[in-house]
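J.: Starting off with a structure, shown below.
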Amino acid sequence: MIFEKVAGILASQLGADENSITEDTDVVSDLGADSLDVVTLLMCIEDEFGVTVEDDEAQELRQVGDIVAYIEAHI
């Protein structure tokens with residue numbers, strides 16, 4: 001459920017094919033997100049799941065699986 005929502009957000013924001021997104025997909029190198037994209041994505045994720053991602057923690061969230069694990073740990 002969380003993975004599917006995260007994949008949907010990534011696909012919507014970055015124009016990626018949702019079906020090609022896996023837990024191992026790297027948001028920057030695989031999906032081409034730049035720093036502004038990452039900030040926007042984190043804001044969408046915070047709004048969708050009601051979590052707050054601190055700046056120092058955000059740097060660790062590179063792969064989709066990292067994002068999903070973070071959300072699971074903070075909701």
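J.: Suppose we filter Ala69, Ala73, Ala33 for residues that are among the small types (Gly, Ala, Ser), assigned to a helix (DSSP H, G or I) and under 11 Å from the mean Cα position of the chain (by Cα); which single one remains?
T.: That would be Ala69, the only listed residue that is among the small types (Gly, Ala, Ser), assigned to a helix (DSSP H, G or I) and under 11 Å from the mean Cα position of the chain (by Cα).
J.: Identify the residue in the stretch 34-67 that is in contact with a Leu (Cβ under 8 Å, 6 or more places away or on another chain) and surrounded by fewer than 17 Cβ atoms within 10 Å (Cβ to Cβ) and, among all such residues, is nearest to Ala11 (Cα to Cα).
T.: Step one: filter the stretch 34-67 for residues in contact with a Leu (Cβ under 8 Å, 6 or more places away or on another chain), giving 37, 41-42, 53, 58, 61, 64, 67.
When the remaining residues are screened for being surrounded by fewer than 17 Cβ atoms within 10 Å (Cβ to Cβ), the result is 37, 58.
On the way: Asp37: 12, Ala58: 19 Å.
By that ranking, first place goes to Asp37.
J.: Pairs, please: C-beta under 8 Å, at least 6 apart or cross-chain, first residue touching a residue at least 24 places away in the same chain (Cβ under 8 Å) and within 19 Å of Ala69 (Cα to Cα) and in the stretch 25-41, second outside any helix (DSSP H, G or I) and basic (Lys, Arg)?
T.: From residues that are touching a residue at least 24 places away in the same chain (Cβ under 8 Å) and within 19 Å of Ala69 (Cα to Cα), the pairs are Asp26/Arg62; Val27/Arg62; Val28/Arg62.
J.: Criterion first (at pLDDT 95 or above and in a helix (DSSP H, G or I)) does Leu61 satisfy it? Break it down into steps so the answer makes sense when it comes.
T.: Working: at pLDDT 95 or above: yes; in a helix (DSSP H, G or I): no.
So Leu61 fails the test.
J.: Would you check which residues across the stretch 1-21 are in a loop (DSSP other than H, G, I, E, B) and either of a type in the set (D, E, K, R) or under 19 Å from Gln59 (Cα atoms) (or both) and list them? So that I can check it myself, show each step before the final result.
T.: To start, the set of residues in the stretch 1-21 that are in a loop (DSSP other than H, G, I, E, B) comprises 1, 15-17, 21.
Asp17, the sole residue that qualifies.
J.: Within the stretch 4-18, take every residue that is of a type in the set (D, E, K, R) and in contact with an Asp or Glu (Cβ under 9 Å, 6 or more places away or on another chain) and give me the one that is surrounded by the most Cβ atoms within 10 Å (Cβ to Cβ).
T.: Start the filter on the stretch 4-18 by keeping residues that are of a type in the set (D, E, K, R), which leaves 4-5, 17-18.
From the residues that got through so far, the ones that are in contact with an Asp or Glu (Cβ under 9 Å, 6 or more places away or on another chain) too are 4-5, 18.
Numbers: Glu4: 11, Lys5: 15, Glu18: 12.
That would be Lys5.
The values are calculated or read from the model by the stated rules, or taken from the named source; none is laboratory data. Remember, it's a predicted structure, so these values are computed and weren't measured experimentally. Because the Cβ atoms are built from the backbone with ideal geometry, glycine has one as well, and the counts that use them run over all protein chains shown.
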